[in-house]
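K.L.:
First, the structure itself, so that you have it in front of you.
The values are calculated or read from the model by the stated rules, or taken from the named source; none is laboratory data. These numbers were taken from a predicted model, which means no experiment stands behind them. Heads up, the Cβs are rebuilt from the backbone with ideal geometry, glycines too, and the neighbour counts pull from every protein chain shown.
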Amino acid sequence: MENQKFCADCGHSLAGVTDLTEALPVISPPAEPTDVSSAPNDSQLGAILDKLATLPDIKLPDDELPDIAVLPTTQIPAQHDTAETAAVPGDITADGPELFDEPDNRYEYPPSRDPFKVKLVFILAFFGAIAVLMTAIADIIDIRTSIPVDGIATGVRTLDTLGTNLAVAGFFGATVMVFGGLLACFGLRWGAGLAGGAGLALAGWAALVVGLAERRIAAAESITRQTGHVSSFTLKVTRDLGFWLIVAVAAIGLLAFIASLRSFGRGGRPALNPWIAALGAVAGVVLVAGPLIAENTATFANNYSSPATVTDLPTLYFAGRLVQLALIGAAIVFGLLIVRAYGLGLAAGGVSVALWMWVSSLLGTGTNPLGIADGNFGADPTDPTPHAVTTAGMTLTLVMLAVSAVLATVGHQRRLRRY
């Protein structure tokens, strides 16, 4: 009949059961079940489930259907992993444009400065400074004769008698070396270079002092041979404690330079301006060439051989002059051409002792100030003014060092502001 429904399994009429207005029976559990026996048994639960199974399907009009794409009963197919996973938008691991695609956004942060740590270069600088202080009061050589002899100045020679500006020059170099070693303990590479350069400067200073002492000894021995009366007097030469302290200063200075090489790297700092560094290297060459220029009747050969005079200059004197100039030039040229902070300190420290010898001889400080490498051959011994080429080389070297330091500082500050 119309609108009548029958059970598909048994064929019984569903009239009165499937009416839309028929209220479903509500099964409520007891409020406070105290006895397990009061719960529905298996047969009762089966009857309830059979009753629910006979409920009709309720169809809603099309205009009342929920506007959803997927019904709750829709089964979502399982997602299986594949060999190639599709790129997820925004995933930085997927192939696609990088997160930072501008070169300015790519940089390395500067390394943090090392904490204070006592380093070998500082220890060597400290002992080198003590040795320099001891040389100021110690006897260098002692020349004695059994009887007074014309032309032989007897007595003790100290730094002040060899050259009135030698002691201060040594103090200045030792101070720079200690200061640089202290900065190296704070992790500053240019401080280590400063200590290493001052060590080389002190080694050259010590070589010159040894050469000057040997020149005094050679002069006394030369006069002794010329008298023709060797048996009439006795010459006694003693190289005292100060002489060996000078040798120790040279050794400590070289060791300080070697120890400073541990800070040779860049350390994350920008390089120096190569053009300014090249000009500074040229200035250093001019500086060391100045004292080798012969004046008046002297010749260039006098820089490595004795002139045609009665005094035969010792080899150690020539070697001392050339060693000082070579170490000054090496510190400036090598230090600037590596265009690093360490090299800038190396060049500045290498010129430290020569700076004071140049200033004191230019101003005529003291009674017997010596120029760099004992001045020029053939120059007036009463006029300690350095050669014009030496002055030009020193001035240009100082200017290039200052410009390099300023540019390096400005570049480093700009780099820090970028972070």
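K.L.:
Test R262 against the stated conditions and say whether it is in a helix (DSSP H, G or I), within 23 Å of D160 (Cβ to Cβ) and of a type in the set (K, R).
P.N.:
No, not satisfied.
K.L.:
Another question about this same structure. With G181, G173 as the choices, which residue is crowded, with 21+ Cβ neighbours inside 10 Å and either under 23 Å from Y317 (Cα atoms) or out of contact with any helix residue (DSSP H, G or I) (no Cβ under 6 Å at 6 or more places or on another chain) (or both)?
P.N.:
The conditions single out G173.
K.L.:
Would you call R144 surrounded by 20 or more Cβ atoms within 10 Å (Cβ to Cβ) and over 30 Å from K119 (Cβ atoms)?
P.N.:
no
K.L.:
Given (1) in a helix (DSSP H, G or I); (2) touching a Leu at 6+ places or on another chain (Cβ under 9 Å), where does P307 come up short, assuming only one miss?
P.N.:
(1)
K.L.:
Is there a residue being within 12 Å of I372 (Cα to Cα), touching a residue at least 40 places away in the same chain (Cβ under 8 Å) and part of a loop (DSSP other than H, G, I, E, B) anywhere in region 336-356?
P.N.:
The answer is yes, given that some residue of region 336-356 is within 12 Å of I372 (Cα to Cα), touching a residue at least 40 places away in the same chain (Cβ under 8 Å) and part of a loop (DSSP other than H, G, I, E, B).
K.L.:
Going through region 310-335 one residue at a time, which ones are buried (at least 17 other Cβ atoms within 10 Å of the Cβ) and either of a type in the set (S, T, N, Q) or not in a helix (DSSP H, G or I) (or both)?
P.N.:
L313, P314, Q324
K.L.:
Can you pull out the residues in region 138-196 that are in a loop (DSSP other than H, G, I, E, B) and of a type in the set (S, T, Y)?
P.N.:
If the condition is that a residue be in a loop (DSSP other than H, G, I, E, B) and of a type in the set (S, T, Y), then S146, T154, T158, T164 are the ones that fit.
K.L.:
Do we have D104 as farther than 19 Å from W205 by Cα and either modelled with pLDDT of 95 or more or not hydrophobic (A, V, I, L, M, F, W, C) (or both) here?
P.N.:
Yes: the conditions hold for D104.
Here is a yes/no grid of residues against (1) out of contact with any strand residue (DSSP E or B) (no Cβ under 9 Å at 6 or more places or on another chain); (2) modelled with pLDDT under 95; (3) under 19 Å from G173 (Cβ atoms):
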| site | (1), (2), (3) |
| --- | --- |
| A330 | yes, no, yes |
| G335 | yes, yes, yes |
| L355 | yes, no, yes |
| G364 | yes, yes, no |
| F377 | yes, yes, no |
| T391 | yes, no, no |
| L407 | yes, yes, no |
| Q413 | yes, yes, no |
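K.L.:
Let me ask another. So which residues in region 231-242 are surrounded by fewer than 21 Cβ atoms within 10 Å (Cβ to Cβ), in a helix (DSSP H, G or I) and under 41 Å from the mean Cα position of the chain (by Cα), if there are any at all?
P.N.:
If the condition is that a residue be surrounded by fewer than 21 Cβ atoms within 10 Å (Cβ to Cβ), in a helix (DSSP H, G or I) and under 41 Å from the mean Cα position of the chain (by Cα), then L241 is the only one that fits.
K.L.:
Would you mind telling me which numbered condition in (1) within 30 Å of T409 (Cα to Cα); (2) of a type in the set (V, I, T); (3) modelled with pLDDT under 95 I258 fails?
P.N.:
Checking I258 against (1) within 30 Å of T409 (Cα to Cα); (2) of a type in the set (V, I, T); (3) modelled with pLDDT under 95, the one that fails is (3).
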